[in-house]
1. Please list 44-52, 158-166, 29-37 highest first by mean number of surrounding beta-carbon atoms within 10 Å per residue.
2. Over region 105-175, with a single point scatterer placed on each C-alpha, what log10 of the ratio I(q)/I(0) does the Debye formula yield at q = 0.12, 0.14, 0.21, 0.24 1/Å?
3. Once the Cα atoms of helix 164-174 and of the chain are each reduced to a long axis, what angle between those two axes, in degrees from 0 to 90 to the nearest 10, is obtained?
4. Could you give the angle, 0 to 90 degrees to the nearest 10, between helix 136-152's Cα long axis and the longest principal axis of the Cα atoms of the chain?
5. Just how far, in whole angstrom, is region 116-170 from region 13-49 if you go by their alpha carbon centroids?
6. I'd like the FRET efficiency for residue 127 and residue 99, computed as 1/(1 + (r/R0)^6) with the beta carbon distance as r and R0 of 22 Å, rounded to 0.05.
7. Which FRET efficiency value, to the nearest 0.05, do you get for residue 18 and residue 106 by plugging their Cβ-Cβ distance into 1/(1 + (r/R0)^6) with R0 = 41 Å?
8. Give the residue from 122, 152, 164 lying farthest towards the positive end of the charge dipole for region 97-174; charges sit on Cβ (+1 for Lys and Arg, -1 for Asp and Glu) and the dipole is referred to the Cα centre.
Amino acid sequence: MFTLQNIDPKDYRQRTRKSSLILIVVFASLGMGLSSLLVIIWGTPGGNHFRLNLLGVLLGLAITFLLVKMVFSQQPFMREAVYGWHLKRNLMRVTNKMHSIKTLAATDQAEALKLLHFYHQALEQMHRLEGDDTALLELKVEKLATEQKMQQLGMETNLNYLDPSWLQALAELEV
């Protein structure tokens, strides 16, 4: 289950910039260091070292990826970036089913309305975190319409999470 967190957009942008800079430095250091090491070990004086340099950069990329996956993602400096990745991934899960969600929401199907409500909240948060306020006005109208429909049906509108069972129920209704 993915839950929306209350994160200050200014802090989010500052911390994601910091984590991005750290990852860039790690990748650049590994790529250049491994390229140089490979040239020292297997290079020939005056020879073409393009393949060794490319291999060093690719190894640096692979090691950086593994470090992010296994070590950095659990570090405090990466918390906001990891949250942003999860937010976007869960938004994409809902977006991929949006045609079905809107169709079923029009027929007052509960899980579809919950998914639509989560989508609006998550999209609004993503736009705020990334400083994109222009899309918020258009989103507010849709969000309010969904909330009003949920209230008319006696449904809870203070949902700040995505329950995977909603997507499962939607998949069962599509079959």
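1. With the highest mean Cβ count within 10 Å placed first, the list reads 29-37, 158-166, 44-52.
2. -0.34, -0.45, -0.91, -1.07
3. Tilt of helix 164-174: around 70 degrees.
4. Roughly 40 degrees, rounded to the nearest 10.
5. Going from one Cα centre to the other spans 42 Å.
6. 0.50
7. The formula returns an efficiency of 0.40 here.
8. So the residue furthest toward the plus end is 152.
Just so you know, all these numbers are worked out from the coordinates, no wet-lab data involved. What you see is a predicted model; the values in this text were computed from it and never measured. As a convention, Cβ positions derive from the backbone with ideal geometry for all residues, glycine included, and neighbour counts pool all protein chains shown.
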